[in-house]
Amino acid sequence: MENTIKRLAMSVLPSPILYRLWHLRRRSRPRTADANAKDQRVIPICDGAYLEVYWTDAPLGSGPCVSMFVLREEVMRIDCLGGDAGHMHLNPVQQGLLVGWGTTPRIFFPPESSERQIDRAVFEVGMNTPMALQSNQLARVRGFTINKKKLEDAAQEMRAFMEELVASHASE
């Protein structure tokens, strides 16, 4: 029934209106609110932007993750699950609308350890945040700018906490 409603809405409503309705439905349920996210730490970047770093035990695997929020919108999520399970999502809430309820496209990392994927996460946050912002459907997010130095500092703090999470969960 839910997929039928979605297909009908997608065929009738203009995409900006459809996205706003979907956005209202999903925004109140960020990944960090899931029961499988724990040991969370918020790392501020600047006014209006922050990272939420946490450990997840998800169906695809367990490991440290980070969600970047800009103006309360999740613009990037990176899951350092190790092996061939490590991946990232760009603008996961809006991408979920395009492919299906509860499904978010993944950009997979090469098979490596969680520690190497943390290095990749630092790179992605530092280099691809501007692209994630520019590809967001909300104009206020597309117009947001983040000081590169503050972003790099936050990414290094993110790295340190993600490495702590790996060490503290090593015996699990």
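Normalised by residue count, the range 75-172 yields a Cα convex hull volume of 102 Å³ per residue. Measuring max minus min along each principal axis, the C-alpha atoms of the range 125-172 give extents of 44, 23, 14 Å (largest first).
Once both labels are positioned 7 Å from their Cα atoms along Cα-to-Cβ, the gap between Q156 and L8 label points is 5.5 nm. Across the range 30-172, C-alpha contacts under 8 Å between residues 6 or more apart give a mean separation that, scaled by the residue count, equals a relative contact order of 21 percent. Note on A33 and E172: their simple-model spin labels are 2.2 nm apart, each label 7 Å out from Cα toward Cβ. Once the Cα-Cα distance is subtracted from the 0.36 nm per residue extended length, the E164 to A58 segment shows a gain of 36.3 nm. Taking other residues whose beta carbon is less than 9 angstrom from the beta carbon of D119, and scoring Lys, Arg as +1 and Asp, Glu as -1, yields +1.
Using the Cβ-Cβ distance between K149 and Q40 with R0 set to 25 Å, the FRET efficiency from 1/(1 + (r/R0)^6) comes to roughly 0.50.
Each reported figure results from applying straightforward, stated rules to the coordinates on display, with no laboratory input. None of these values were measured; they are calculated from a predicted model. Neighbour counts run over all protein chains shown; Cβ positions are idealised from the backbone, glycine included.
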